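A short worksheet on the structure shown next.
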Amino acid sequence: KKRIVSGIQPTGSIHLGNYLGAIRNWVSLQNAYDTLFFIVDLHAITLPYDTQELSRTTRETAAIYLACGVDASEGSIFVQSHVRAHVELMWLLSSATPIGWLNKMIQFKEKSRKAGDENVGVALLTYPVLMASDILLYQSDFVPVGEDQKQHLELTREIAERINYLYGGRRWKKLGGRGGAIFKVPEPLIPPAGARVMSLTDGFSKMSKSAPSDQSRINILDSKDLIANKIKRCKTDSFPGLEFDNPERPECNNLLTIYQIVSNKTKEEVVQECQNMNWGTFKPLLTDALIDHLHPIQVRYEEIMTDSGYLDGILAEGARKAAVIADATLHNVYQAMGFLRRQ
Ligand code: AQP
């Protein structure tokens, strides 16, 4: 089986964007691929964060993966910091990553501008090298990525090619390797359309964990009342009827798309059903569809959280399985780069 890896940062509550743009796709891919899904806690400290919250959100995120149907018996679910090789490989990769490549990263430019100089640590700049490590350690074939992560995956590919060029090939064969590549160069797996969920308060920005207003997102664990309230107050427009794909109506497109996905309908069905509606009729429909979709996930989440031994066991087993693959890659890289072998 081909392998895919992916992860989410435990930087806040997991929301509909993370679910529809990432977790739900993982679930549909997990039978066809060998999968490793992790909670990327080391990435969550690149901007100032709350130490009390980090472990709580890490467990919450892991439980949400399971509640949404990610299957730990087929693939591995684990916490990034539990597999030491991620940070170790990152150091080796960073020696072959020109600073100029990192300076070009749009996310770095945006996040550092927003955070202000005092809050920008070196880790924010080197974050994509850790991401490259997360992917290359597992010799992944594919990485499911949204639009915003495409540039980082391209960087991962460039780092892999550079290491393969510098330390792979004949030189690597002489050292006892198989010759050829040290790393597999991963390909992006672009999720199906409609996967970019926008903010409820601004149809031009994506729904995000770190947006200051909780009104801007539907969290997977939001109560029925909270969901109803957020939909009631979300931004709409004053055009007649409802329609997809009108660039002047980003909120309308977003809400219809969310409705389409959570109610499991086709776009045509939603057009037929909703084109002549007004917001007053559509909003309760969307609210009910969201509540119905999220309810079973929330019930499973509660079950998982009441048995902490179960979750701990899955994360421990996931880290153990992941470390076997990661350590083998790391060992090869050390050898290829000429380090003295530990006896
Ligand atoms: N709005 C979104 N629509 C579709 N997919 C989304 N993802 C995030 N937001 C949306 C996908 O979720 C995965 C996890 O992303 P991440 O935790 O690495 O960080 P992010 O992409 O930056 O997500 P957030 O929620 O906006 O977090 P913060 O606010 O911490 O930066 C990715 O697969 C992403 O594509």
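The values are calculated or read from the model by the stated rules, or taken from the named source; none is laboratory data. Because the structure is predicted, anything quoted here is derived from the model rather than measured. Positions of Cβ are generated from backbone atoms using ideal geometry, with glycine treated the same way; all protein chains shown enter the neighbour counts.
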key: Criterion: at pLDDT below 95 and either assigned by TED's automatic domain parsing to the domain that holds Gly169 or within 30 Å of Thr201 (Cβ to Cβ) (or both) - qualifying residue of Asn264, Asn278, Asn254   = Asn264
key: Only listed residue being among the hydroxyl-bearing types (Ser, Thr, Tyr) and away from the ligand (no atom under 14 Å from the Cβ), chosen from Ser55, Ser6   = Ser55
message = I want to confirm something. Restricting to region 59-87 and keeping residues that are surrounded by fewer than 21 Cβ atoms within 10 Å (Cβ to Cβ) and among the hydroxyl-bearing types (Ser, Thr, Tyr), which single residue is nearest to the chain's Cα centre (by Cα)?
response = Ser81
note = Of all helices (runs of 4 or more DSSP H) fully inside region 264-343, the set with 1 or more residues that are within 21 Å of the chain's Cα centre (by Cα) and loosely packed, with under 15 Cβ neighbours inside 10 Å is 308-336
request  = Report whether or not Ser76 is among the small types (Gly, Ala, Ser) and either modelled with pLDDT under 95 or touching a strand residue (DSSP E or B) at 6+ places or on another chain (Cβ under 7 Å) (or both).
outcome  = yes
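Would you say Ile23 is closer than 19 Å to Asp134 by Cα, surrounded by fewer than 21 Cβ atoms within 10 Å (Cβ to Cβ) and in the same structural domain as Gly121 (by TED's automatic domain parsing)?
Values: closer than 19 Å to Asp134 by Cα: yes; surrounded by fewer than 21 Cβ atoms within 10 Å (Cβ to Cβ): no; in the same structural domain as Gly121 (by TED's automatic domain parsing): yes.
No.
Residues are listed down the side, and each one gets a yes or a no for (1) in contact with a Ser or Thr (Cβ under 8 Å, 6 or more places away or on another chain); (2) at pLDDT 95 or above; (3) in a helix (DSSP H, G or I):
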site: Leu102; (1), (2), (3): yes, yes, yes
site: Gln107; (1), (2), (3): no, no, yes
site: Arg113; (1), (2), (3): no, no, yes
site: Met131; (1), (2), (3): yes, yes, yes
site: Ala160; (1), (2), (3): no, yes, yes
site: Tyr165; (1), (2), (3): no, no, yes
Failed criterion for Gly17 (all others in (1) part of a helix (DSSP H, G or I); (2) over 25 Å from Asp214 (Cα atoms); (3) not hydrophobic (A, V, I, L, M, F, W, C) hold) = (2)
